[in-house]
Amino acid sequence: MTKLKITEIDIKNKKVLIRVDFNVPLKSDGSISDTTRIKESIPTIRYALDQGASIILLSHMGRPNGKKDPKYSLSVCARALSDLLGQNVKMAPDCIGMQTAAMAKELKPQEVLLLENLRYYPAEENPELDLSFAKQLADMGQVFVNDAFATAHRRHSSTVEITKYFSSSSVAGLLMEKEIDALSYLLIKPSRPFFAIIGGAKISTKIGVLHKLAQRADAIFIGGGMTYTLMLAKGYEIGSSIVDMEAIQTAEAFIALCKDRSIPLHLPKDLVITNSEQKETRTIDIEKGIPPGWEGVDIGPSTRQTWNSLLEKAKTVFWNGPLGVFEKPPFDEGTRAIATCLSSISGAKTIIGGGDSVAAINQMHLAKHFTHLSTGGGASLEYIEFGTLPGVEALSNKKT
Ligand code: ADP
Ligand code: MG
């Protein structure tokens, strides 16, 4: 990596601002339903504590739309982090302002302060609305660490604008480093064969990454909702399956690109379909097309088998997006079958990006059998598409 890392600078006795991703999902009673994101930030926080730094944490949560809304207060995260670290985490009343700045100033080495939700201010997402917002954040620290990979595809005050105040001391945290190492492996030197599996709802959000993968991978497998846009582009009947009408031309261009480059493009041979009230479920051959009133909801059993035997030979796999409507069993069976297959390939690097695909693997308790589960949905796709992210680019370069 050409960017400076937290392990490469001196942070002892320094005030260290760490941009973390505490954008955790909440239950209806306001408690945290999944603390994965907080846990993922622990190695960097622990490292900085061990180095004797004072730690000031910055994060957003949810979409409070630039207004103070207690529903999105990060105080639940301060409590969860206190438990995980086994030490008190102070909660600031705001992310900027006199009181918060005073708390940051008084912070002693090995103490942790969490600032309130950055998105209480419109300038977080739109820095140009108030450039002094990033400056006020920056004024509280001597070093800036970005560990929020999942937000690094955004040009926000706390990801890009803030780095202008730390010309030689904006560094990557340990999670950021781990994410970049795993994803850049796919771009730089993947062991071959390298297979990419892309599913999920809409093709339009993933077309950039599909084009990139058509230049890097040895075969591409398409499942999930985007299957039907590609099927339509190929002239199959799709019934009332989910479709991205605006993406038909891009789908055609993608099919042509794979053909030009002789990259095998595997669409499901058979599909699980259901009728409008989901009363009846059938498996059909893709060649027959989907009858009117029926909707494709999963890859079929024969596809699962064929894909399994192809995927078993992989040395590198990148998977993003469920292959069916996995929230509604039994339409989770295709996603489950492929997850199980990938978890048992020996000697392959298996890298998963995307909120829903990672959730599916976690639900199945298979996480430990994968090389890397990315914490960034959109960020991991953009990293693969462009080979970098705005929040990564903005970090200080290593001295040569
Ligand atoms: P990820 O978060 O892993 O990137 P996406 O957000 O792109 O994945 O897509 C996940 C969604 O795609 C899920 O809600 C799932 O129900 C939906 N999906 C998958 N297959 C289909 C399908 N055949 N029809 C409709 N929706 C689908
Ligand atoms: Mg998703």
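Summary of values
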{"read-out": "Cα-based helix-to-principal-axis angle, 333-343 vs the chain, degrees rounded to 10", "value": "60"}
{"read-out": "Contour minus Cα-Cα distance for residue 99 and residue 130 (0.36 nm per residue)", "value": "9.2 nm"}
{"read-out": "Cα-projected label distance for residue 139 with residue 279, points at 7 Å along beta-carbon direction, nm", "value": "6.8"}
{"read-out": "Cα-based convex hull, the stretch 274-373, per residue volume (Å³, whole number)", "value": "96"}
{"read-out": "Mean Cβ count within 10 Å, highest first, over the residues of peptides 246-254, 164-172", "value": "164-172, 246-254"}
{"read-out": "Degrees separating the helix 248-260 axis from the principal Cα axis of the chain, which is the longest one", "value": "80"}
{"read-out": "Fraction of accessible area attributable to carbon and sulfur, the chain (%, probe 1.4 Å)", "value": "49"}
{"read-out": "Farthest toward positive dipole pole in the stretch 152-282 [+1 Lys/Arg, -1 Asp/Glu at C-beta], among 254, 186, 274", "value": "186"}
{"read-out": "Computed over the chain: relative contact order in percent, which uses C-alpha pairs under 8 Å that are six or more apart", "value": "16"}
{"read-out": "With DNA, RNA and ligands ignored, accessible area of residue 68 (1.4 Å probe; Å², nearest 10)", "value": "120"}
{"read-out": "Equivalent ellipsoid, the stretch 1-75 (semi-axes from 5 times Cα gyration tensor eigenvalues, Å)", "value": "28, 13, 12"}
{"read-out": "Computed E for residue 312/residue 167 - FRET, C-beta separation, R0 41 angstrom, nearest 0.05", "value": "0.25"}
{"read-out": "Sites residue 365 and residue 13, calculated FRET efficiency, Cβ-Cβ separation with R0 41 Å, nearest 0.05", "value": "0.45"}
{"read-out": "Two-site label geometry, residue 192 and residue 75: point separation in nm, points 7 Å out along Cα→Cβ", "value": "5.8"}
{"read-out": "The stretch 214-304: relative contact order in percent, alpha carbon pairs under 8 Å with at least 6 residues between", "value": "35"}
{"read-out": "Cross-link partners of residue 234 among lysines (Cα-Cα below 27 Å; sequence separation of 8 or more within a chain)", "value": "202, 206, 212, 259, 269, 288"}
{"read-out": "Cα centroid separation, the stretch 24-77 to the stretch 299-319 (Å)", "value": "37"}
{"read-out": "The chain - accessible surface per residue (Å², probe 1.4 Å)", "value": "43"}
{"read-out": "The chain: angle of helix 207-216 to the longest principal axis, Cα-based, in degrees nearest 10", "value": "80"}
{"read-out": "Reachable lysines from residue 135, criterion Cα separation under 21 angstrom, eight or more residues apart if same chain", "value": "14, 15, 67, 68, 105, 164"}
{"read-out": "Pair-distance profile P(r), taking every C-alpha pair of the stretch 330-400, with 10 angstrom steps and integer %", "value": "17, 40, 26, 12, 3, 0"}
{"read-out": "Magnitude of the charge dipole, the chain, Cβ model with Lys/Arg +1 and Asp/Glu -1, debye to 20", "value": "1020"}
{"read-out": "Spacing of the two label points (7 Å from each Cα toward its C-beta) at residue 261 and residue 47, in nm", "value": "3.3"}
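The values are calculated or read from the model by the stated rules, or taken from the named source; none is laboratory data. Here the structure is a predicted model, which means the values were calculated and not measured. Using ideal geometry, Cβ is built from the backbone for each residue, glycine included, and neighbour counts are taken over all protein chains shown. Quick note on the areas: whole protein, heavy atoms, side chains included, nothing else; ligands and nucleic acids left out. Shrake-Rupley method; radii C 1.70, N 1.55, O 1.52, S 1.80 Å.
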